[in-house]
1. Taking the Cα-to-Cβ direction at residue 118 and at residue 66 and moving 7 Å from each Cα, how far apart do the two end points lie in nm?
2. For the pair residue 39/residue 51, report the inter-label distance in nm, with labels modelled 7 Å from Cα in the Cβ direction.
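Values quoted throughout were computed directly from the atomic coordinates according to the rules given, and no laboratory measurement underlies them. Not measured: the values here are computed from a predicted model. Positions of Cβ are backbone-derived with ideal geometry, glycine not excepted, and every protein chain shown enters the neighbour counts.
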Amino acid sequence: MRRGVAVAVLFLAMAMGIAGLVGEVRSFTASAQQKPETVEVKIDNFSFGPAELTVAVGTTVTWTNRDDIPHTVVSTDKVFKSKVLDTDEKFSYTFTQAGSFPYFCSIHAKMTGKVVVK
């Protein structure tokens with residue numbers, strides 16, 4: 001009988017340990033699936049600020065036109081393209097792949113920027 005109780009206690013301890021481990025895995029998965037990061041680029045005084053930024057895959061970049069003049073945000077590789085943004089309007093794009101993404105304002109071609117995704 002003692003052996004049966006010892007085996008039952010051992011089995012219960014193992015089951016509780018496995019349950020705790022599963023809880024830790026769930027906790028890790030939940031923290032790994034946190035809301036993706038959002039980064040803002042301001043369009044002001046005929047420039048993008050910051051002009052170049054590095055972000056992780058899955059990051060959403062939001063451009064906000066703080067200028068009194070309309071602007072656009074257009075990828076040189078045609079990956080993304082905003083409509084014409086008036087003052088205080090925004091354009092967002094989520095980067096799902098690593099790479100370098102240069103962009104410009106199609107109205108003012110000397111305005112350029114770059115997003116590097118790692």
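1. 2.6 nm
2. 1.6 nm
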